[in-house]
Amino acid sequence: MLTPAQIAVVKATAPVVAANANRITGTFYPLMFERFPEVRAVFNQSHQRGGAQPEALANAIIAYASNIDRLEVLGPAVEGIVQKHVSLNITPDQYGIVGACLMEAIGRVLGDAVTAEVADAWGAAYWQLARLLIAAEEAEYARKAALTGGWRGARRFRIAGKTAESAVITSFRLEPVDGGRVMDFLPGQYLGLKLAIGGETVHRNYSLSASPNGRDYRISVKREAQGLVSGFLHDRARVGDELEVYPPAGEFVLREGDGPLLLITGGVGQTPALPLAEQALAAGRKVVYVHAAINGSVHAFRNHLDDLAGRHAGLTTVYCYAEPETTDQPHLTGLLDRERLAALLPREPGVAAYVVGPKPFMTAVIGALTALGLPASAIFHEFFGPKEAIA
Ligand SMILES: Cc1cc2nc3c(=O)[nH]c(=O)nc-3n(C[C@H](O)[C@H](O)[C@H](O)COP(=O)(O)OP(=O)(O)OC[C@H]3O[C@@H](n4cnc5c(N)ncnc54)[C@H](O)[C@@H]3O)c2cc1C
Ligand code: HEM
């Protein structure tokens, strides 16, 4: 617990830290990666290049410092961080590394403003949050290890199937090398993968794209231009190859309720929506599945969804192609705008909307849903990278 004096110092200095937060995190990451290359490997370096991850940390620091005397308001944000950390197997010893490098970065950026008293208060604040995260993460690790088919840390999996789903998306079926069961996950969750590519260890998250079955997992990966891991998986990974996998994690999961589910996805954002749709249908909920793709050649899982719709009267599928080819048969062409979404929004009460896709897509769709009167508490979204603000 922070002393009242430490709380007062953090509150008094929070504005100057906030004003310099991006410079602090911009100093912190290079410093930490240079000194601790083993920690560098856990971070997606593309998220550093774009500045999204430093910004996510800067925002977390600002939110934390501004709420230092009422930590309960951080609840949902903390849960998101915990799930991301757990998916990458972040360990307590790494908190010492992050803490030391962060304090050094604060000192470098703020200079003489960091008196011994200020350093003491921010150090105590860091460790208060770190202890909270370490405890929550340990609880998650222990819970997952205790589940049937559960485990802790890296487990070796073999690629048991590789299937092209579209011109740009390929699915990989992963089964454990030890032949044991795999824990059930909540639809919408993702895996952490650890791979060695060209002598470099890299980590990535991939959403689980098929419902839990106890035997194996499926991920579906879009080839990104010059993408390190997606390129490797598409071009070089073969059936029989092994990789390491951390247990499923994530908070983009179905909330309680029995109202209709509106799933709106763009491109590869479709992956978590597939098991979410099946879960909701099995629970007797009505599902409107809206998928936006550029055209039919990059539209994955159409046959699967059409089959599912054939078996479930409660499922409506709507495919919207931005630039259809002459042979394509979408339900809609062009972009999903407010008028179109108004026509697709179920009329029954209790609608929950789940949105996944590139940031501009999510911004437009969430903006339209909000304008149509759907409350923020009924709209959920997932970033395939560090969380960012949606205007
Ligand atoms: C929760 C979550 C779920 C996800 N689920 C999925 C999923 O289901 N399916 C899926 O396909 N992806 C998913 N992702 C995204 C996935 O984790 C990877 O980010 C994605 O596969 C790209 O990784 P990569 O290594 O191929 O690309 P990276 O090498 O990380 O590159 C990413 C982009 O940065 C560009 N880039 C790389 N190097 C440079 C450079 N030096 N200068 C400028 N630009 C550069 C590349 O051209 C590329 O466009 C998910 C991510 C998260 C966080
Ligand atoms: C009090 C300490 C910490 C705070 C406040 C914090 C905060 C955050 C936040 C806000 C995110 C972004 C979450 C998201 O966008 O989904 C994140 C992601 C992450 N954190 Fe932490 N973190 C802390 C400690 C650590 C430690 C000790 C490590 C270990 C090296 C670590 C490694 C990571 C990694 C690897 C990611 C994902 C980065 C990526 O996408 O490239 N964090 N953290």
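Quick notes on this one:
- Lys222 being away from ligand 2 (no atom under 15 Å from the Cβ), within 18 Å of the chain's Cα centre (by Cα) and open to solvent by 30 Å² or more (accessible area, probe 1.4 Å): yes
- When the range 25-64 is limited to residues that are of a type in the set (S, T, N, Q) and open to solvent by less than 70 Å² (accessible area, probe 1.4 Å), the one that is farthest from ligand 2 (Cβ to nearest atom) turns out to be Thr27.
- Ser220 closer than 26 Å to Tyr354 by Cβ, in a helix (DSSP H, G or I), among the small types (Gly, Ala, Ser) and not assigned by TED's automatic domain parsing to the domain that holds His85: no
- Residue-level analysis places Leu174 outside the set of residues that are at negative phi and within 16 Å of ligand 2 (Cβ to nearest atom).
- Residue check for Asn22: polar (S, T, N, Q) and in contact (Cβ under 8 Å) with a residue 60 or more places away in the chain: no
- Condition met for Glu251 (touching a residue at least 40 places away in the same chain (Cβ under 8 Å), within 16 Å of ligand 2 (Cβ to nearest atom), under 24 Å from Tyr217 (Cα atoms) and open to solvent by 10 Å² or more (accessible area, probe 1.4 Å)): yes
- Residues of the range 250-265 that turn out to be touching a strand residue (DSSP E or B) at 6+ places or on another chain (Cβ under 7 Å) and either within 12 Å of ligand 1 (Cβ to nearest atom) or among the basic types (Lys, Arg) (or both), as a count: 4
- Selection count, the range 361-391, where residues are more than 16 Å from ligand 1 (Cβ to nearest atom), at pLDDT 95 or above and part of a loop (DSSP other than H, G, I, E, B): 4
- Every residue from the range 65-93 that is touching a helix residue (DSSP H, G or I) at 6+ places or on another chain (Cβ under 6 Å) and crowded, with 19+ Cβ neighbours inside 10 Å: Ala65, Ile68, Val82, His85, Val86
- Note on the range 11-119: enclosed helices (runs of 4 or more DSSP H) holding 3 or more residues that are over 20 Å from Ala130 (Cβ atoms) and under 21 Å from the mean Cα position of the chain (by Cα) are 45-49.
- The residues in the range 117-131 that are loosely packed, with under 15 Cβ neighbours inside 10 Å and under 19 Å from Pro76 (Cα atoms) can be counted, and the count is 1.
- Among the residues of the range 135-184, those that are touching a helix residue (DSSP H, G or I) at 6+ places or on another chain (Cβ under 7 Å), within 30 Å of Val298 (Cα to Cα) and hydrophobic (A, V, I, L, M, F, W, C) comprise Ala167, Val168, Ile169, Phe172.
- Of all residues in the range 345-363, those satisfying the criterion of being out of contact with any Leu (no Cβ under 7 Å at 6 or more places or on another chain) and crowded, with 19+ Cβ neighbours inside 10 Å are Val355, Val356, Gly357, Phe361, Met362.
- Test: residue in the range 71-90 that is closer than 19 Å to Asn22 by Cα, of a type in the set (Asp, Glu) and in the same structural domain as Ala19 (by TED's automatic domain parsing): no
- Inter-residue pairs, beta-carbon under 8 Å, first outside the structural domain of Val298 (by TED's automatic domain parsing) and in the range 308-331, second small (Gly, Ala, Ser), 6+ apart: none
- When Val109, Val10, Val17 are checked against the criterion of being buried (at least 19 other Cβ atoms within 10 Å of the Cβ), over 24 Å from Tyr206 (Cα atoms) and touching a Ser or Thr at 6+ places or on another chain (Cβ under 9 Å), a single residue qualifies: Val109.
- Of the residues making up the range 213-240, those that are in contact with a Lys or Arg (Cβ under 8 Å, 6 or more places away or on another chain) and of a type in the set (Lys, Arg) number 3.
- Residue pairs whose Cβ atoms lie under 7 Å apart, sitting 6 or more positions apart in sequence or on different chains, and linking a residue in the range 278-291 that is outside the structural domain of Leu208 (by TED's automatic domain parsing) to a partner that is aromatic (Phe, Trp, Tyr), are His291/Tyr319.
- Where a residue in the range 191-206 is open to solvent by 10 Å² or more (accessible area, probe 1.4 Å) and its partner, wherever it lies, is of a type in the set (Ser, Thr, Tyr), with Cβ under 7 Å and at least six apart: Lys194/Thr201; Asn205/Ser87; Asn205/Tyr190; Tyr206/Tyr190
The values are calculated or read from the model by the stated rules, or taken from the named source; none is laboratory data. Computed from a predicted model, the values in this text were never measured in an experiment. Neighbour counts are summed over all protein chains in view; Cβ atoms, including those assigned to glycine, are modelled from backbone coordinates with ideal geometry. Remember, those area values only see protein heavy atoms, side chains included, never the ligands or the DNA or RNA. Shrake-Rupley method; radii C 1.70, N 1.55, O 1.52, S 1.80 Å.
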